[in-house]
C-alpha cells in the first residue's frame, strides 16, 4: 500500500538523509542540468534506480523489500523499513565517491588530517586509509560537521577527567568516550541509542556517528528521557540491602568499658534525655541544628542533657533481634560507645530524679525495646516525640514511595504499599511506636500543622495522644525591599543539598532546559555543588554560629525565585523560611508538605501541579512576574526555636 | 462460585509461577490454584507442592494425551506449554469448579479479580485483547497493532470460562485444536493457541471481550495505557484499578519495549522493580537456567527445533518412532544421523 504522506512530507524526510554532494558527483547529468537533486530523485531518479546516498542502494533495497516499490524506496526505508530491520546495502558508487571526496579534502582523508582519529580505522585496522580498493566505510563524518553537533563544553563539564587531562573532548569521545558510554551532548546518550537500536549496536560502530549520518533523519531519538525518577528507581536499594550495609558498618565497633559512663552517676535531678539518628555535634543538617539549639537552651536552663545515638547510621529502626551500640553525649561531651544494657545499668545506678524528660527526635538506628529499657532505668515516662520525619508511620520515613513520589501514607494493605520497597517494613515501625505510646506519656511535637495533619491521619497512635505545633523558626517582618529597577535576568536559585528527594533533579532539569535562555540566570547555594552539575554554584554553610548565612547569601545574590521542589512532604522547611526572609519567591508543588503550606499561607510562593507546569511557567516567561523588582517583597527576620527546651515547662 | 485458576509452566518458570500464585493466594485465598507442569524436576531439586503457593500440581503426562511422548516431541517448549492448556481446561469442565481461569506464569495480580467472576454470571467466555485502543503513532502501530495482527487479537495469557454451556463448548473446541495445531507457524496462520482465539467471537455466544484497561497490562499496550498511583494507595490504569500485569520478557528485551512505551510514566518502572524483586526472592538456584527435561534425547544430546518440525510433519516417522526421545536400539536420532541430518552419531 502506498504511503499516505503528502509530497512535502516525503520531500522533507528524504531531504534529511539525502546526500546532495554524492548525488551530484555520481550523476553529473543532474548537476549539468542544474536540477534540484532531491526533486530529481523523487520524480525520476528513484525509478531509474539511482541512489540517494552512498550507504543506500535503491536497487538492492527493492530486491530485498519489494513492497517498498509502492513508495519511494528511500522514503519507505527512512519512515518504516529501518524499524523492521531491513538494513540497506551501500551504493555501488559509494567507494568511488568516498575516495574522490577524500582526495578533494572531504570525508576520511581530511578528517584524519584535521586530527580526527576514526576509531574504526585506527583501532581495528579494518582497512588502510590510503587503500581505495578497500570496501567503503559509510560511517565517517567530517570533523567540521561533528563539531556542530558535539558539545565540547558539556563534555568537559560532566567529565572533569577530560578537562584535567587536557585532552581534546571530541578526540576523546571518538576514540574512547563512546565505548565508555559517555555522552557527546545533552541530547544524545550512547547507552540509550544502543539499547533502543539493536541494529546499530550490531554494527559495532560509534552510535553517535550513526545518529548524525542517518539516525536523526530516520526519526530515531538520540536520548530516551525516561525522567529522573526512572534513574532513581534503577539504583533503588531494598530495605534488607540497606540494613545489611548498616550492619556491616557497625561491625567495626566494640563497646567501651562501663567506666566510661561513670559521669552518669553525677547527674542532677533535672535531666533531659534525647534520642536521634546521629551525633548532632559532629554532623551538619537541619535536625542537627535543632538539637544544637535544644542543647543550648537546656544548658541555659541548667538541665543536664544526655543524648543517645546509633554508633553508625541506620536506614530504619533497628530490629530488636539485631544487637547494636549506642553513642553517648553528656552535655555535649562524648562519653563513648556502649550497649543499651550498659547505659540502662548506669542510669539505674544513678537513681531517679524529679525533673526528668525525654525527646525522641529520630529513632532510626534505635531498638524500641532498648529505648524503653533505658527510659525505664532513668525513671522517665514523660516526653515528646518530634515529627521531624515520619519514622513513626513507616520505614520510608520521608513517605516517598520507592523514593520517587510522595505516597501520602496510604493504608498499609494498599496496592501502592505492596509495590513499595518500604511496604513490608512499615508494620515494624508502627508496632514499635505503638509500644512506645502504650508505655510512655508522649506528647507529639510537630514543627508544622501540615506535618501533624499527615501524621495524625496515618499514625496508629491513640486518638487522644496530646500534641503541640512548635515551628523551628518564625518570621518577623522588617522592611520592604527596594530593589534596583533595571531589568536583569530573573535569578533562580536552588537552596541546600543536592539530594534527589530534595528536588535537585527537577531543578537541574529546569536549569539544563533554560540554561541558555537569556531571560534566566540559575544558581545553586549550598555546602557542596551537585555532582557533575553545570549550574553556577556558591558555597554557603549554615551553622549554629552562622544561622543566617543562607538568607544573607540569597539577599546578596538578589535571588528572585527559589525552586523548592522537595519530592517529599517536608515537616518543616527552613529553606522556605530563609527564602521568604530574604524576599525570594518560592516555586513548589502540592506534595512538598510544609513548603506548599507555607507558600500558600503567606502568599510567599506558587504551588504548581507538576514539573511540566514548572517548565511551562519558564517557557512562557510568566515566572518573570515574580521578579524582585516587580514584587518589592517584604524582608523578614528569622527567629529560631530551641525545640524541646522551649516546651519543657509544658512537659514537666 | 467455585473458581479454579491454573498456569502452565516448566521448572525454569517456577519462580514466575510462585509470584503469580502468591498474589492469587493473597487476593483470593479460597480459589483453587493448580500448577500445570510439562517437565520433570531437575536433579538436586526437591519439589514438593506443600512448599509452593498453589494447591496441587498436574503433570502434562497425566492429562491422558494419546501417544504422549510422540505428541510432546512435536512441540518446542513454548508450543507444548501452550498446547496443554487445552486438555486441562476441557477436563476441568468435568470437575466441581464453576469457573476456570488460565493465567500465564509471568502475570501477577495487583488487585482482586472479582469483577471477572461477576461478568461470568452472565457471560461464559472472557478474553483480553492485546489492544483496546488504537495506536496513532507509526512506530507503535508497527510494534503493537501489526504484531497483534500476526500473533492474535487476544492475549491468551488470560482466559476465563464458565464450566457449562458456551464455556464448556469453547473448552472442548480449544482442546481439539491445541492437541493438533498448537505451533508457532505464523506463515500458516498459526501462533500457538492465540490465532485460534481470533475465531472465538464468531464461533461462540456469551463471549465478553474485556476492554477494561486494568487487565493484562503489558509492554504491547503501554502505548495507550497510563498508570497512576493515588494518595489513597490505589494503582490505576487510565483511571481503572490495575488488576493484573503481564510481565512478558523479563530481561533486556522486555525492558526496552517497556521503556519505549512507558516513557516517563514512572509507576510502570515501580511495578517492574517490584516484580523483579519478587522473582529474585523466589528463584531457586538449584534449578539450572533455561532448564527443561524434554530438550534432549535420552542420551543427553540436544533436540533441534528442526528435528521436532520434521517429526511432526512426517506421520511415517511418528509411526516408526513412537518415543522419539529414546535412542535405545537406534531410534529417531539414529535415523537423523543416517539421513545426514545430524553431524555426528
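The values are calculated or read from the model by the stated rules, or taken from the named source; none is laboratory data. Computed from a predicted model, the values in this text were never measured in an experiment. With ideal geometry, Cβ positions are generated from the backbone for all residues, glycine too; neighbour counts draw on all protein chains shown.
Quick look at the values:
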| read-out | value |
| --- | --- |
| Test: residue in the stretch A:496-504 that is surrounded by 15 or more Cβ atoms within 10 Å (Cβ to Cβ) and assigned to a strand (DSSP E or B) | no |
| Enumerated strands (runs of 3 or more DSSP E) restricted to the stretch A:537-595, each holding at least 1 residues that are in contact with a helix residue (DSSP H, G or I) (Cβ under 7 Å, 6 or more places away or on another chain) and without any contact (Cβ under 8 Å) to a residue 40 or more places away in the chain | A:537-539, A:585-589 |
| All helices (runs of 4 or more DSSP H) inside the stretch B:67-170 with 3 or more residues being in the same structural domain as residue B:192 (by TED's automatic domain parsing) and within 19 Å of the chain's Cα centre (by Cα) | B:68-73, B:77-83, B:85-92, B:146-151 |
| Some residue of the stretch B:17-28 being under 20 Å from residue B:295 (Cα atoms) and out of contact with any helix residue (DSSP H, G or I) (no Cβ under 8 Å at 6 or more places or on another chain) | no |
| Total residues in the stretch B:217-232, condition within 9 Å of another protein chain (Cβ to nearest Cβ) and out of contact with any strand residue (DSSP E or B) (no Cβ under 9 Å at 6 or more places or on another chain) | 1 |
| The one condition in (1) within 9 Å of chain A (Cβ to nearest Cβ); (2) out of contact with any strand residue (DSSP E or B) (no Cβ under 6 Å at 6 or more places or on another chain); (3) under 19 Å from residue A:231 (Cβ atoms) that residue B:258 fails to fulfil | (1) |
| Residue list for the stretch A:185-217, filter: in a loop (DSSP other than H, G, I, E, B) and within 11 Å of chain B (Cβ to nearest Cβ) | A:197 |
| Every residue from the stretch A:614-635 that is in contact with a strand residue (DSSP E or B) (Cβ under 8 Å, 6 or more places away or on another chain) and either part of a loop (DSSP other than H, G, I, E, B) or surrounded by fewer than 16 Cβ atoms within 10 Å (Cβ to Cβ) (or both) | A:627, A:632, A:633 |
| Criterion violated by residue A:477 - all others in (1) surrounded by fewer than 14 Cβ atoms within 10 Å (Cβ to Cβ); (2) within 14 Å of another protein chain (Cβ to nearest Cβ); (3) in contact (Cβ under 8 Å) with a residue 24 or more places away in the chain satisfied | (2) |
| Test: residue in the stretch A:488-509 that is more than 17 Å from the chain's Cα centre (by Cα) and under 18 Å from residue A:592 (Cβ atoms) | yes |
| Leading residue by the ranking (nearest to the other protein chains (Cβ to nearest Cβ)) among those in the stretch A:413-425 that are crowded, with 23+ Cβ neighbours inside 10 Å and touching a helix residue (DSSP H, G or I) at 6+ places or on another chain (Cβ under 7 Å) | A:419 |
| Yes/no for residue A:388 being closer than 21 Å to residue A:368 by Cβ, out of contact with any helix residue (DSSP H, G or I) (no Cβ under 8 Å at 6 or more places or on another chain), more than 14 Å from every other protein chain (Cβ to nearest Cβ) and touching a residue at least 60 places away in the same chain (Cβ under 8 Å) | no |
| From the options A:364, A:335, residue that is within 19 Å of residue A:245 (Cβ to Cβ), away from chain B (no Cβ under 14 Å) and surrounded by fewer than 24 Cβ atoms within 10 Å (Cβ to Cβ) | A:364 |
| Condition met for residue A:600 (within 27 Å of residue A:387 (Cα to Cα), free of Cβ contacts under 8 Å to residues at least 12 places away in the same chain, assigned to a helix (DSSP H, G or I) and under 27 Å from the mean Cα position of the chain (by Cα)) | yes |
| Qualifying residue in the stretch B:229-244 (condition: touching a helix residue (DSSP H, G or I) at 6+ places or on another chain (Cβ under 7 Å), in a strand (DSSP E or B) and over 25 Å from residue B:82 (Cβ atoms)) | yes |
| Verdict on residue A:233 being under 30 Å from residue A:610 (Cβ atoms) and crowded, with 20+ Cβ neighbours inside 10 Å | yes |
| Which listed residue, of B:232, B:193, is surrounded by fewer than 17 Cβ atoms within 10 Å (Cβ to Cβ) and assigned by TED's automatic domain parsing to the domain that holds residue B:105 | B:232 |
| Residue satisfying condition, being within 22 Å of the chain's Cα centre (by Cα), more than 10 Å from chain A (Cβ to nearest Cβ) and free of Cβ contacts under 8 Å to residues at least 24 places away in the same chain, within set B:251, B:214 | B:251 |
| Residue selected from the stretch A:61-96 under the condition closer than 16 Å to residue A:22 by Cβ and surrounded by fewer than 20 Cβ atoms within 10 Å (Cβ to Cβ), by the criterion modelled with the highest pLDDT | A:89 |
| Selection from the stretch B:268-301 of residues that are out of contact with any helix residue (DSSP H, G or I) (no Cβ under 9 Å at 6 or more places or on another chain) and more than 8 Å from every other protein chain (Cβ to nearest Cβ) | B:276, B:285, B:286, B:296, B:300 |
| Matching residues, the stretch A:226-249, being part of a helix (DSSP H, G or I) and either touching a strand residue (DSSP E or B) at 6+ places or on another chain (Cβ under 8 Å) or within 14 Å of another protein chain (Cβ to nearest Cβ) (or both) | A:228, A:229, A:230, A:231, A:232, A:233, A:234, A:239, A:240, A:241, A:242 |
| Which numbered condition residue B:48 misses (of (1) within 23 Å of residue B:120 (Cα to Cα); (2) surrounded by fewer than 17 Cβ atoms within 10 Å (Cβ to Cβ); (3) without any contact (Cβ under 8 Å) to a residue 40 or more places away in the chain) | (1) |
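Conditions tested, residue by residue: (1) surrounded by fewer than 21 Cβ atoms within 10 Å (Cβ to Cβ); (2) more than 14 Å from chain B (Cβ to nearest Cβ); (3) part of a loop (DSSP other than H, G, I, E, B).
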site	(1), (2), (3)
A:392	no, yes, yes
A:397	no, yes, yes
A:411	yes, no, yes
A:427	yes, yes, no
A:435	yes, yes, no
A:442	no, yes, no
A:451	no, yes, no
A:492	no, yes, no
